[in-house]
Protein chains: 2
Amino acid sequence: MNMKLGIVIFPSKKLQDFANSYRKRYDPHYALVPPHITLKSPFDAEEGDLKSLTSQLEEIAIKHQPFSFHLSKVKTFHPLNNVIYLKVDPNETLTALNEDLHEDSIIGGKPEYGFVPHLTIGQKLSNLEHDDVYNSLQMMDVDHEETVDRFHLLYQLENGSWTVYETFLLGKG
Amino acid sequence: MNMKLGIVIFPSKKLQDFANSYRKRYDPHYALVPPHITLKSPFDAEEGDLKSLTSQLEEIAIKHQPFSFHLSKVKTFHPLNNVIYLKVDPNETLTALNEDLHEDSIIGGKPEYGFVPHLTIGQKLSNLEHDDVYNSLQMMDVDHEETVDRFHLLYQLENGSWTVYETFLLGKG
């Protein structure tokens, strides 16, 4: 069976609750998946690929230790698209994880864009809404640091929502 | 920080899609969590409990091998409550997992009811709706078997939705 997979980090409950307070109003994906930092964008696979993929993800998880990341401000991908997000400051481990997850040996192919780690709080807004929301959120002070010790492999259901297939613990596989 | 935790099995994507086709109309929790078989109902814990809990769950997962379960019909918990569900036939591993997860040494206390493994497809219906939906679904032929090789520890966000904390692989921990 064909499946759509994705690989993400779920931040702390506190940060998810904070992000959801905006997503509820500004992100139509609010009910489909918890707030997350995408490590590998949705890609196609067969159910039969899961076994080799999960053993590859275990190896990648083992290679990296738990790390902290810092959120510094609200930004937007406009005019590329109307996504408003919390910017994750440049981070060696995140970059290395993203690179490892896009090795040729791993299903899913090359990323469409350069890796800009972020936590989406609004998307699919009209230009007018986007400008309005971005202008008001931009004034918000963001200065949050937390640690990450795991990432998750998800698959998408027919209704567009995502279910977790497996968790991978950094430093443990 | 206080958290609400739960332990569940997510069935196959195919079965989740099937359950969601009913949940979409009949279950107000549709957008809060994917279709699941509950092994341990929501319980309170502190964030600091997670470390010992996850190591206990690893030990429990290691003890049990992957297994199959069979769904045989549509049933209801009415008049206890108006939950309509797909009945999971009596299953040794499910019963043993449920018992292990309710040992005194594990946070969360004793279950309120006896364990009736099920996959909810409708709930919080009025009596009238319940009778209507149950009568029509009861006529549906259900005969589905599949294997389970993992369970998940979840935590609840402020908006009522659930995020996966960790996956535990049966026979592997």
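Things to note:
- Qualifying residues in segment A:20-59 (those that are more than 10 Å from chain B (Cβ to nearest Cβ) and hydrophobic (A, V, I, L, M, F, W, C)) - the one farthest from A:LEU157 (Cα to Cα): A:LEU57
- Restricted to segment B:122-173, and to residues there that are small (Gly, Ala, Ser) and within 30 Å of B:GLU47 (Cβ to Cβ), the residue that is modelled with the lowest pLDDT is B:GLY173.
- Some residue of segment B:39-61 being touching a strand residue (DSSP E or B) at 6+ places or on another chain (Cβ under 9 Å), hydroxyl-bearing (Ser, Thr, Tyr) and modelled with pLDDT under 95: no
- Residues that are touching a residue at least 40 places away in the same chain (Cβ under 8 Å), outside any strand (DSSP E or B), in contact with a strand residue (DSSP E or B) (Cβ under 8 Å, 6 or more places away or on another chain) and surrounded by 17 or more Cβ atoms within 10 Å (Cβ to Cβ) within segment B:138-173 comprise just one, B:LEU170.
- Extreme residue, farthest from the other protein chains (Cβ to nearest Cβ), among residues of segment B:142-173 that are of a type in the set (Gly, Ala, Ser) and under 27 Å from B:PRO28 (Cβ atoms): B:GLY160
- Scanning segment A:37-61 for residues that are of a type outside the set (Lys, Arg) and either in a helix (DSSP H, G or I) or within 15 Å of A:GLU166 (Cβ to Cβ) (or both) yields a total of 16.
- Each residue in segment B:84-125 was checked for being over 20 Å from B:MET140 (Cα atoms) and among the hydrophobic types (A, V, I, L, M, F, W, C), and 8 pass.
- The number of residues in segment A:14-43 being of a type in the set (Lys, Arg) and surrounded by 20 or more Cβ atoms within 10 Å (Cβ to Cβ) comes to 2.
- Entry remark, segment A:1-18: residues being assigned to a helix (DSSP H, G or I) and within 10 Å of chain B (Cβ to nearest Cβ) number 5 in total.
- Test: residue in segment B:48-61 that is surrounded by 19 or more Cβ atoms within 10 Å (Cβ to Cβ) and not aliphatic (A, V, I, L, M): no
The values are calculated or read from the model by the stated rules, or taken from the named source; none is laboratory data. Predicted model, so just to flag it, every value in this text is computed and none were measured. As a convention, Cβ positions derive from the backbone with ideal geometry for all residues, glycine included, and neighbour counts pool all protein chains shown.
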